[in-house]
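Report on the following structure.
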Amino acid sequence: MDLNDSTSLAELMSRYVSTETGFGVPKDGWRICLAHEFKEKRKPFQARDVSLSNMIEHVSLGVRYLRWWYRKTQVEKKAPFIDMFRALPLRQIYGAPLGGIGGGSITRGWRGDFCRWQLNPGMYHYKTVIANQFTVCLRRGGQTVYQQVLSMDRPPTLQDWNWGYCGEYAFYHALYPRSWTVYHLPGQNVTLTCRQVSPVIPHDYKDSSLPVAVFVWDIENKNDYALDVSIMFTMVNGSGHKDDKSGGHWNEPFHLEKDGESVSGVLLHHQTPVNPYTLCIAAREKVIHQTAFSPKGTCSTLWSDLMTDGRLDSPKDSSPPTHKGEEVAAALAVSCSVPANNHNSVEFSLAWDMPKITFGSRERIYVRRYTRYYGTKGDAAPSLSHYALTHYSKWEESIDEWQRPILQDGSLPAWYKSALFNELYFVVDGGTVWVELPEDADISGGLRPEDGGLPAQPDVVKEYGRFAYLEGQEYRMYNTYDVHFYASFALIMLWPKLALSVQYDIAGSVVQHDPTERLNLMNGRYSPVKTWGVVPHDIGDPGKLCIIGYHDALTPSLCFWSSSAYCGGLWLASVCMMCKMARVLKCESVYQRYRDILERGRAAFDKLLWNGKYYNYDSSGQSLSNSVMSDQCAGQWFLRASGLGEDDYQAFPKEKICSALKSVFDLNVMSFAGGQMGAVNGMRPEGVPDRSSVQSDEVWVGVVYGLAATMIHEGMIEEGMHTTEGCYRAVWERMGMAFQTPEAYCEKGIYRSLAYMRPLSIWAIQKLALSSLRNEVTS
């Protein structure tokens, strides 16, 4: 397959029949025709996909996991943090998520569906709510000439609405945190461009926390006569969850005038006993609404109301609370006149206000970050909407200023610009929580500063709050540290205070101790939940956000016997860092101590693992110990990213690193899947994938991005970019996994763990590889 930009774009846009390009749609980003169907269909990895040899080797683990899974799901009625029997099926539908960081997220698919919900922290609900739609009404001379739901669906409900928009006349374009959907209206000579804007702004710790998004509708009338255009936004009170029918939910209209700007809309109060919230749809000009309608049945009244005069009844009263079994929805419409051969626009906002949250254990209440500015009473939705509608243009200015230097860099290919920005979706849609530090909180772990520990409330955490994101939407563990190791580049470069907050949390957890014995699923032994002096695997799951120590790995994983290239390399890099810290602190005796360790460790590492071309997988001497591991130079990656790796702080000879990277490129990249799918984790020297474990013949997207950054650090720019491109093309253009980049995929058929944290490591390529390389060339 030809991996050039034009070929891939032509494939995703091949069914687009219009020539319209939309209003203000950028050149770079991920673009797809709404009628596109992905040819490649994949299935999630499940327990039955474990090979017979691995199954025999790990039969005890399987039995322990099955018992644990049964107790968790059938007895305790809870969701396991990893569910090997109910993995998410692939739905090739997702687009850019709505909202800022840590206030919950709602994902709108590339076909316009509201289809993925994370309002309760860390817990996902994958449901397309069919009544959540935008509808357009065109009127000429006081008569409606066209009215259409802007959806390709033909649902069994709401039958009186005009469904079945032809997707061949529309396309979606994403450059996160914005997206554009261009709808050409067949036979009307009118084109609509819906621009979706979320306040995700680097180095901004206020607006970036807001749970709100704006939809700007640009209307182009290419007729020689004027039109009156109405856009209607309908929204169900809820998320398609069973609690939508629990009763007690109600809607009310509102109007807020502030600073000379007025905003009106409908509040949808969702009164659940745990984590209640309010949704809000709002607009600025000529707002008309329907406070409540039933999203079931034909819903002919609402449709006819809009059809009659392009307006809605706009009752002033609140709706009564719903009865059990009932659902309620609201509608908002905005009208404008569009002169002949001219343009006009209307704006909507969608906000949600869930200021106080509890996790599954309900041990304590947390308040979200945005409450610092909007309070905790649950009445902030009107103010959030007003602020969004009056400030989104400033958000866009900040986004443009941030993205422009990269987008205008002609040396960077278009696919890379799309990957770089669109992979950032996970910062918002990674089950992310961002909460204020309670006044009585102590994150030090109990070790006080005078004893070498942390303050109970470090200044940076008091000022910027606590931040956590999941390992993956399917692997529900917060701040999984061995994965954050890769993903951290995005936070470090874009929201460094949040990265520092995570470090404080992890540092405080190291000195915590919980002697409670717990069964380790992997090896069947009992061990303390948390041992003093040990870095935890994660800080908890959405069922109980607290330090709970190591979660078990639940799949037979990459196992290291004796010394290994990966662990040994990271250890040597850590020793280098100790040398550097000792020099910074002017502790010469400490420096000499670690310098001696480094010298001896470096010699032992080379003696045990270097085979003349690359570092062996491990030094066990077993039949597969000389496999080529794609991530064998991870230690060098972090040294180079930290400005080290040379002279006094060199752990690995440059010529050996370059030789190892060349071996990885030749074997793991170019000898795998025709060089078009990134780097496989393990490859045999003879050029066939290592299939000794479940994970050895997988491609890990985030690892590939880190590998590419390492290559670029060492001057292998073409090889690094080719390796990255293979992953992007496979995930975003062939497999249909946009905005749900998985942890892993195999050459054929299988993927594992959709929407995963690790691919945020792509920011290591931009900020710590390409940028540093340019600086070297310039100097």
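The values are calculated or read from the model by the stated rules, or taken from the named source; none is laboratory data. A quick note: this is a predicted structure, and the numbers were derived from the prediction, not measured. Methodologically, a virtual Cβ is constructed for each residue, glycine included, from the backbone with ideal geometry; neighbour enumeration extends over all protein chains shown. SASA here: full protein model, heavy atoms, side chains in, ligands and nucleic acids out. Shrake-Rupley method; radii C 1.70, N 1.55, O 1.52, S 1.80 Å.
Surface exposure of the stretch 663-777, expressed per residue as accessible area with a 1.4 Å probe, stands at 24 Å². Annotation: lysines with alpha-carbon distance below 26 angstrom to Lys613 (same-chain offsets under eight excluded): Lys654, Lys656, Lys662. For the chain, excluding the exposed loop sites themselves (GluC sites (Glu not before Pro), DSSP loop, at most 11 other Cβ atoms within 10 Å), the longest remaining stretch covers 77-362. Before I look further, what does the stretch 46-86 give for accessible area per residue, probe 1.4 Å, in whole square angstrom? Using a 1.4 Å probe on heavy atoms only, each residue of the stretch 46-86 averages 67 Å².
Dividing the convex hull volume of the alpha-carbon atoms in the stretch 46-86 by its residue count gives 59 Å³ per residue. Annotation: amide H-H contacts under 5 Å for Val212 (H modelled 1.01 Å from N, sequence separation of 5 or more, or interchain): Gly99, Gly100. Counting 0.36 nm for each residue step from Met13 to Glu261 and taking away their Cα separation leaves a gain of 85.2 nm. You can think of it this way: the chain between Met307 and Arg583 has 91.9 nm of extra reach, that is 0.36 nm per residue less the Cα-Cα gap.
The alpha-carbon positions of the stretch 140-226 define a convex hull whose volume is 149 Å³ per residue.
The Cα atoms of the stretch 565-777 define a convex hull whose projected area, averaged across directions, is 12.1 nm². Ignoring ligands, DNA and RNA, please state the percent of accessible area on the stretch 1-83 from carbon and sulfur, probe 1.4 Å. Carbon and sulfur together cover 56 percent of it. May I ask for the distance between the Cα centers of the stretch 308-349 and the stretch 398-427, given as a whole number of Å? One Cα centre to the other: 35 Å. The label point for Thr516 and the one for Val460, both projected 7 Å from the Cα toward the Cβ, are 3.0 nm apart.
Its DSSP H runs of at least 4 residues, each contributing -39,500 (n - 2.57), put the calculated 222 nm mean residue ellipticity of the chain at -8500 deg cm²/dmol, to the nearest 500. Once the gyration tensor of the Cα atoms in the stretch 260-412 is diagonalised, the equivalent ellipsoid follows with semi-axes of 30, 29, 14 Å, ordered largest first. Here the Kirkwood formula puts the hydrodynamic radius of the stretch 60-107 at 13.6 Å, using every distinct Cα pair. Calculation over all alpha carbon pairs of the stretch 152-292 in 5 angstrom steps from 0 returns a P(r) of 2, 7, 12, 15, 19, 20, 14, 8, 3, 1, 0, 0 percent. When Trp69, Trp250 are compared by accessible area at a 1.4 angstrom probe, the order from most to least is Trp250, Trp69.
Couplings 3J(HN,Hα) for the stretch 170-179, derived from phi with the Karplus relation 6.51 cos²θ - 1.76 cosθ + 1.60 (θ = phi - 60°), are 9, 9, 10, 9, 10, 9, 4, x, 10, 8 Hz, where x marks Gly and Pro. Computed in the context of the full set of protein chains, the accessible area of the stretch 565-777 at 1.4 Å probe radius has 54% of its extent on carbon or sulfur.
An ellipsoid equivalent to the chain, defined through the eigenvalues of its Cα gyration tensor, has semi-axes of 47, 30, 25 Å when rounded to whole angstrom and sorted largest first. Measuring between their Cα centroids, the stretch 58-137 and the stretch 149-187 lie 24 Å from each other. Gain on full extension, evaluated as 0.36 nm per residue between Trp532 and Asp153 minus their Cα-Cα distance, stands at 130.9 nm. Within the chain, helices built from complete DSSP H runs that reach 24 Å or longer along their own axis (Cα positions) and carry a mean Kyte-Doolittle hydropathy of 0.5 or higher are 565-584.
Projected label points at Glu646 and Ala47, each 7 Å from Cα along the beta carbon direction, are separated by 5.3 nanometres. In terms of accessible area, using a 1.4 Å probe and ignoring ligands and nucleic acids, Arg518, Arg116, Arg284 rank largest first as Arg518, Arg284, Arg116. Rounded to two decimals, the Cα-based Rg/Rh of the stretch 417-477, with Kirkwood Rh, is 1.14.
In a reduced charge model with +1 at each Lys and Arg Cβ and -1 at each Asp and Glu Cβ, the chain shows a dipole moment near 1440 debye about its Cα centre.
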